[in-house]
Structures are given as structure tokens and as C-alpha cells.
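This report refers to the structure that appears directly beneath it.
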Amino acid sequence: MPTNTFIPTFTTGSVELRAAQAGRKPGRRTDEVVAASRLGDGIYELVVHDPYVARTVRPAQFVNLYSANATMVLPRPFGVAKVEGDDVTLIYQVVGAGTEEFSHFRAGDAVDVLGPLGKPFDLAKRANYILVGGGLGVPPLLLAAQALHGRADGSKVTSVFGYRDERFADDLVRPYADEVHSITNERGNVVDLLDSIEGEVSGAPLPPVILSCGPTPMMRAVAAWACQRGIPAQLSLEARMGCGYGACVACVVDTPQGRLKVCKDGPVFTTEQLGWGA
Amino acid sequence: MGAMKNDTSETGADAMNETNETCEQDQSHQPMDVLEPYEWRHPTVVAGVRWKNPVGTASGTFQLDACGDYYDVAQMGAISTKGVSPVPWQGNPGPRTAESPAGMVNSVGLQNPGVDHYLIDELPRLKDLGATVVTNVAGHSDDDYEQVVAKLADSPADMLEINVSCPNVTHGGMSVGTDPVALGRLITHLRAMTGKPMIVKLSPNVTDIVEIAHAAVDAGADALSLINTLVGMRFDIRTGKPILANRTGGVSGPAIFPIALSFVWRVRQAIPDVPIIGIGGIDSGEKALEYLYAGANAVEVGAAALTDPTSPMRVARELDDLLDARPELATKLAEGQTW
């Protein structure tokens with residue numbers, strides 16, 4: 001593997017302490033790969049050791065991973081799927097040269113990381129949280145399920161996942177979810193699933209809140225579905241990003257309030273913020 | 001944030017003939033703690049303004065609310081702000097960025113909340129933090145630039161940087177900076193409006209940058225910064241369409257380093273006395289040092305800050321170490337001279 005041109009700012013052992021002492025966030029650093037495996041066709045799981053991310057990340061926040069190939073300078077941002085101890089799990093699909101490189105990781109390898117980044121889901125309310133995910137939008141919702149599971153306020157977790165074909169995340173969400181629903185492309189989409197569970201969601205005493213992540217057309221449809229029923233929805237957007245931490249202002253989304261940064265003003269936006277409900 | 005979108009389909013070459021990369025710096029990948037207290041040993045002087053060290057942030061890659069989370073902005077040689085326009089600008093539609101070999105193409109289009117907001121928000125906050133501030137001035141017309149400079153003339157900004165080189169706006173920007181007559185007229189007007197040290201940021205997208213540099217200096221510019229981005233683009237081979245909504249954008253990053261360096265050297269050869277800030281592809285102390293040997297008084301780190309928020313500080317620290325072994329160069333910089 002080619003050596004990286006960047007000297008890491010920290011190793012993760014001292015990063016949390018130093019950042020806290022200085023009142024700053026830690027910069028790009030080199031993490032150790034704890035585990036790497038293939039979950040399905042072109043879909044991989046990567047576990048990195050990063051105590052800082054593990055202790056501070058909240059659902060829908062993401063981390064930047066950087067290629068060791070110096071010709072690929074931009075970060076690859078991934079939503080965090082799971083936290084266990086000091087280990088952070090990412091689930092991603094191979095879509096280009098950078099993710100292809102990551103797919104060859106083995107335990108003990110090194111990878112440069114920045115984060116956690118972005119604004120998380122607002123999980124303050126007691127609610128039936130309906131996690132509506134499509135494709136590789138599903139993994140960040142797994143962390144939301146993990147965070148909500150077993151909460152003392154009696155909130156519920158209902159997963160509504162749409163997959164291209166393999167239902168790679170149903171077993172991953174099951175330990176944290178009260179109800180697990182999923183559908184594959186040949187049978188329908190997540191809006192079909194939402195229609196099928198509308199009765200039990202709307203009739204229940206616990207108010208529903210939708211958290212969604214997936215392809216933009218899917219999230220627009222989910223936002224419209226939620227808006228028609230008066231259900232609040234938080235949507236975690238994806239975008240072509242430059243820096244991922246708010247410096248370059250490249251990853252904007254058009255909203256009624258003007259162009260907002262997906263990486264720092266989001267990735268989570270409400271239907272109202274985006275003007276997607278109407 | 002789900003599936004990531006930054007990956008494109010090309011693979012890049014990995015092998016390089018080694019030049020400078022292994023000579024002096026500690027290559028053991030020992031982590032550098034950019035947050036520990038530090039006493040700068042090698043200042044520079046640009047148009048009469050003392051910088052703590054010769055490394056600043058490049059305009060367009062610095063936002064206080066983002067970068068200030070990662071390091072003490074007062075520790076940089078200077079902070080060059082994002083372009084400030086007379087009224088809020090929305091910038092270009094997305095997508096605004098695409099990766100390119102050892103670099104990136106951007107078409108942000110100077111999105112910013114406008115000079116009035118800047119004067120009550122980012123500028124006072126930067127000054128309260130102790131930063132040396134270079135305020136980058138953007139406009140679509142001579143009148144735009146004049147409105148911004150008029151409002152900045154009595155502000156606490158340490159220097160002004162007139163951006164006549166942005167490739168991503170349809171009027172003003174690069175269209176002024178590629179015409180020596182138009183540029184001379186604009187800078188003459190702005191010069192009469194303020195005694196603040198005025199830097200003119202030059203575009204590389206010209207036939208003869210020396211002619212443009214002369215026009216700026218003859219009209220009263222105190223210093224030059226170069227280069228802004230090179231015009232470039234990427235296509236999506238699945239759709240057959242440009243990736244950027246604006247179609248073309250500006251290329252930055254390590255890919256432009258030797259190109260930008262040659263521009264600095266050419267301008268220095270032609271104009272021995274004007275202070276020059278070298279910009280383009282700097283991601284290490286060694287690359288910054290090459291600019292100083294090419295005749296720059298200072299440098300700015302741009303795209304590298306987008307791949308690691310702390311890189312401007314790291315470059316400054318590496319350069320401080322490299323200048324220890326070069327007392328003659330360090331002394332010249334501290335006296336406002338160049339190599």
C-alpha cells in the first residue's frame with residue numbers, strides 16, 4: 001500500500017485527552033482496523049478502533065475516511081452504524097476506487113479518520129421512532145436503533161428498510177428494534193411498507209417520528225408521506241462533499257432558508273427546513 | 001448521510017519519483033500535536049504587516065465556525081477569509097465539487113452572507129481571538145468591489161485581498177483579473193479608498209501573468225497573492241454530463257503545486273520588490289519552503305485544509321523547523337525581504 005502523504009495529527013490513544021485539554025476537536029488521525037468483512041454483494045463492514053468517535057458519536061453523524069492513495073485527496077464520508085466499546089462500525093458499498101481500496105482492509109491495517117461530523121438526529125422526544133432506510137442509507141439508522149433501544153422513557157423503534165435485493169441489515173437491527181419491516185426492490189419500496197403499517201402507527205398512543213436516510217428520491221417520497229399525515233420527519237441527506245466539516249461550502253442543499261451545508265448544517269434536516277413536505 | 005458519493009471511477013497512479021519528500025522531515029509518522037503551546041521562531045512581513053509565521057489559510061477554505069474548532073486561529077501567520085461580497089451571495093447550485101487526480105475541482109461561486117454580516121460577525125470574532133486577518137473582497141462589478149472596500153476601510157481587518165481571479169462567477173472575478181486595463185482601473189479606484197495594505201489575488205488562467213501583475217502593482221497594489229484555481233472540469237461517464245452543476249470549476253490541490261510555483265517564480269523574476277503570497281498545492285513544510293525559495297514572502301494553505309483541518313497549522317510548524325537550518329532566508333523574511 002502506498003504511504004500516505006499526510007502525517008497524522010494524533011494517534012487515537014491520546015486524541016480525546018488532548019482535544020479536551022485544548023477545548024478543540026481532534027484533527028485527522030490514523031486508526032487501526034479491528035475487523036473487516038463482506039456483508040453481501042459489494043457491501044462491506046469495517047470496524048475501526050477510535051475511542052473519540054466511539055464516545056462522542058450520535059446517530060446520523062458520520063466520519064471521513066481517507067484513501068492511502070495520494071491521488072485521491074477527498075474524504076469518503078460514512079455514517080456510523082454501530083459503537084461497541086472503543087470500536088466503531090461502518091457499513092458501505094463499493095462504488096469507486098476509494099471504497100474499492102477500503103474493501104481490501106484487514107485487521108491490523110491503518111486508516112486515516114476525521115470525525116464524528118455533522119448534526120445528529122434529534123431523539124429528545126418520547127416517541128415511536130420509525131427508521132425508514134433505503135439501501136446504504138440503512139447503516140446510520142442502525143446507530144439510531146442502538147441509541148434508542150432500552151431507553152427508560154418507553155420510546156419504541158420500528159425499522160422500515162428497503163433493499164435492492166439482500167436484506168443485509170435486518171438481523172443487525174433486530175436486537176434493538178421493537179418491530180422489523182423490510183422489502184426488496186422487486187416487491188416494492190419503503191412507502192409501500194409505510195402504507196402497510198400506517199394503521200398500527202397512527203392508532204398507537206405513542207406519537208410517531210420518522211428518521212430517514214437513503215437515496216434522495218426515496219427521502220422526498222417519505223417526506224411527502226409523513227407530511228400528509230402530520231408526522232414529523234428528520235431526513236439525513238447525502239451529497240458530494242469537499243471537506244465534510246464545514247470549511248469549503250461545497251455540499252449545499254437548496255432550502256427555503258437558502259443554500260445550507262449538508263455536512264455541517266446537516267446531514268439531518270426536518271421536512272420543514274427542506275420545504276419538502278408540501 | 002448514507003451511501004457515500006465522493007468515490008469516482010478512476011484509479012490513480014501511485015508511484016512517484018521522490019523529490020524533497022524524504023530529505024529532512026521526520027518521516028516516522030510521529031503524530032504532531034498542533035494544539036500544544038508553541039513559540040514561533042520565524043516571522044515574515046507582508047506589505048508592512050507582521051505575520052507570526054509565513055503560513056496563512058487560503059481564501060475559500062477557511063470558515064471560522066469550522067476550522068476554529070480544530071486549532072487556535074491566532075497561531076496562523078494570517079487568516080484569509082472567504083470572499084466577502086456587498087450583499088449575501090447564494091453561490092452556484094450543487095454539485096459543487098468533484099475529485100480530480102491529486103486534487104479537486106470546485107464551483108462554490110463565493111457563497112457568503114455579505115459584508116454587513118461579516119463586519120458584525122466573523123471579523124470581530126477573528127480579531128477577538130487574536131488572528132491576523134486578510135479580508136478577501138469579491139464582486140461582480142467595480143461598484144461591488146468599491147462598496148465592500150468602503151465598508152472595510154475603517155474595519156479592524158489587517159489586510160485586504162482583492163479577488164479578481166475567481167473562475168466561478170460570471171461577472172467580476174476572473175473577468176477583471178484577466179484584463180490588465182480593467183484591473184488597473186479597478187485597483188486605482190480601490191487604492192484611493194483605503195490606506196489598508198491591499199493584496200491583489202491573481203488568476204493563472206491568463207496568457208501572461210506578469211502583465212497582469214504589473215497592472216496591479218502599477219495601480220497601487222501593495223502585494224500579490226497567487227495563484228487562484230485553474231479552470232477545470234470532470235465528466236460523469238455514466239450520464240455523459242459534467243459532474244459540476246456549473247460545468248466548469250477551479251482545480252486546486254497537490255496537482256497544481258508545480259504550476260503555481262512557476263507562476264510565483266515568474267512574477268518574482270519580473271517584479272523584484274513586490275511582496276508575494278504563494279498559493280497552490282501546499283501540504284507540507286517542504287512545499288511551503290519551495291515557494292519561499294521561488295521568491296514568496298509567505299504562503300497560504302488551501303485544499304490541504306479540506307483533507308485535514310489541522311494541516312495549515314502543521315505546515316506552519318514544519319516550516320518553522322525547516323527555517324531553523326536556513327538562517328539567511330529566515331532573516332530576510334523577518335525583514336520583509338525574500339530569497
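The values are calculated or read from the model by the stated rules, or taken from the named source; none is laboratory data. None of these values were measured; they are calculated from a predicted model. Because the Cβ atoms are built from the backbone with ideal geometry, glycine has one as well, and the counts that use them run over all protein chains shown.
A:GLY203 meets the conditions (1) within 25 Å of A:ALA124 (Cα to Cα); (2) crowded, with 17+ Cβ neighbours inside 10 Å in every case but one. The failed one is (2). Take A:PHE105 and tell me if it is away from every other protein chain (no Cβ under 14 Å), among the aromatic types (Phe, Trp, Tyr) and under 21 Å from A:ALA35 (Cα atoms). So A:PHE105 fits the description; yes. Restricting B:ASP273, B:ASP283 to those that are over 19 Å from B:VAL206 (Cα atoms), without any contact (Cβ under 8 Å) to a residue 60 or more places away in the chain, crowded, with 21+ Cβ neighbours inside 10 Å and not hydrophobic (A, V, I, L, M, F, W, C) reduces the list to B:ASP283.
Scanning the stretch B:222-243 for residues that are out of contact with any Phe, Trp or Tyr (no Cβ under 9 Å at 6 or more places or on another chain) and either farther than 19 Å from B:SER175 by Cβ or acidic (Asp, Glu) (or both) returns B:ASP222, B:ALA223, B:ARG234, B:PHE235, B:ASP236, B:ILE237, B:ARG238, B:THR239, B:GLY240. The set of residues in the stretch A:219-278 that are assigned to a loop (DSSP other than H, G, I, E, B), closer than 22 Å to A:ARG58 by Cα and more than 10 Å from chain B (Cβ to nearest Cβ) comprises A:PRO232, A:ASP265.
Of all the criteria given as (1) assigned to a helix (DSSP H, G or I); (2) crowded, with 20+ Cβ neighbours inside 10 Å, the one not satisfied by A:SER212 is (1). Being at the interface with chain B (Cβ under 10 Å from one of its Cβ atoms) and at pLDDT below 95 holds for only one residue in A:GLN61, A:GLN93, and it is A:GLN93.
In the set A:PHE105, A:PHE121, only one residue is in contact with a Pro (Cβ under 6 Å, 6 or more places away or on another chain), at pLDDT 95 or above and assigned to a loop (DSSP other than H, G, I, E, B); that residue is A:PHE121. If you go through the stretch B:80-102 and keep only what is surrounded by fewer than 24 Cβ atoms within 10 Å (Cβ to Cβ) and in contact with a strand residue (DSSP E or B) (Cβ under 6 Å, 6 or more places away or on another chain), you end up with B:TRP89, B:GLN90, B:GLY94.
Scanning the stretch A:70-90 for residues that are within 11 Å of another protein chain (Cβ to nearest Cβ) and closer than 14 Å to A:PRO59 by Cβ returns A:PHE78, A:GLY79, A:VAL80, A:ALA81, A:LEU90.
Scanning the stretch A:124-166 for residues that are surrounded by 16 or more Cβ atoms within 10 Å (Cβ to Cβ), closer than 17 Å to A:GLY42 by Cα and not β-branched (Val, Ile, Thr) yields A:GLY134, A:GLY135, A:LEU136, A:GLY137, A:PRO139, A:GLY162, A:TYR163, A:ARG164.
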